[in-house]
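Take a look at the structure set out below.
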Amino acid sequence: MSGPALEPSATPLAALYPVLAGLPAAARERLQGRARLVQVPAGACVFDEQQACAGFPFVLAGSIRVVKAAPNGRELPLYRVTPGETCIISSACLLGHAPYNARGVAEVDSTLLLVPSADFQALLGEAAFRDFVFQLFAERIAGLMQLIEEVAFRKLDQRLAALLLGKGPSVHTTHQQLADELGSVREIVSRLLKGFAEQGLVSLAREQVGILDPAGLRRIAGG
């Protein structure tokens, strides 16, 4: 990834990442001079498995979807990185000097600030930045543990019902997008949605699912 050097007024970096304001002046100047702005169009691959990590990304705009891909093409969503957040897989790759073991895809047009590996290592010498990185590690790992629990112990119909309940009374999405979020395939999700519709739990239209019986979906989600 490449892009123009960071300009002082190019991005709300300090507002999104307040931890950077607490860095010593020399560290902020190094970040200012070395970091690169990267524009990533929607649908583009930001990083892929077995690819070397080019640097530590701050997301300034947009959203990056991080997934684990299987050889058969199925994907398990791990997490999203939005403005103000960072990618722990990138952090882990830089800390361990290892290639990526997941894929990151821009969900919409996105802007990243990429900090070279050497500068990321130098920033870790600052207590405030180090604490920020490890706090995000803890939060993301807790989320991933919850994902593992759901995949291992909850049936797909339970997970689908819970996903629909979390999106409001009318869900504007495709069956494929729901399948991607659940790490499943469209045909199975479509079959489950048809079953929900036959039970009067939801209504189905083009790229839209209406929630008719939230209590019924909650019963399914709860097992």
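A few remarks follow.
- Matching entry among A128, A92, A122 (being touching a Lys or Arg at 6+ places or on another chain (Cβ under 8 Å), in the same structural domain as S63 (by TED's automatic domain parsing) and part of a helix (DSSP H, G or I)): A122
- Search result, residues across segment 170-189 that are part of a helix (DSSP H, G or I) and surrounded by fewer than 16 Cβ atoms within 10 Å (Cβ to Cβ): Q176, Q177, R186, E187, I188
- Residue count for segment 160-188 under the criterion of being modelled with pLDDT of 90 or more and closer than 21 Å to A70 by Cα: the result is 3.
- If you go through segment 31-89 and keep only what is hydroxyl-bearing (S, T, Y) and surrounded by fewer than 17 Cβ atoms within 10 Å (Cβ to Cβ), you end up with just T82.
- Every pair of residues 6+ apart whose Cβ atoms lie under 9 Å, when the first sits in segment 156-169 and is part of a helix (DSSP H, G or I) while the second is aromatic (F, W, Y): D157/F196; L160/F196; A161/F196; L164/F196
- Scanning segment 127-159 for residues that are among the charged types (D, E, K, R) and under 19 Å from E85 (Cα atoms) gives R130, D131, E139, R140.
- Among (1) of a type outside the set (K, R); (2) in a loop (DSSP other than H, G, I, E, B); (3) buried (at least 20 other Cβ atoms within 10 Å of the Cβ); (4) touching a residue at least 60 places away in the same chain (Cβ under 8 Å), the one test that Y100 misses: (4)
- Those residues of segment 190-207 which are farther than 28 Å from R103 by Cβ and either part of a strand (DSSP E or B) or not polar (S, T, N, Q) (or both), in sequence order: K194, G195, F196, A197, E198, G200, L201, V202, S203, L204, A205, R206
- Residues of segment 62-74 that turn out to be more than 13 Å from the chain's Cα centre (by Cα) and in contact (Cβ under 8 Å) with a residue 40 or more places away in the chain, as a count: 1
The values are calculated or read from the model by the stated rules, or taken from the named source; none is laboratory data. Treat the numbers as computed from the prediction; the structure is a model and nothing was measured. For neighbour counting, all protein chains shown are included, and Cβ atoms are generated from backbone atoms with ideal geometry for every residue, glycine included.
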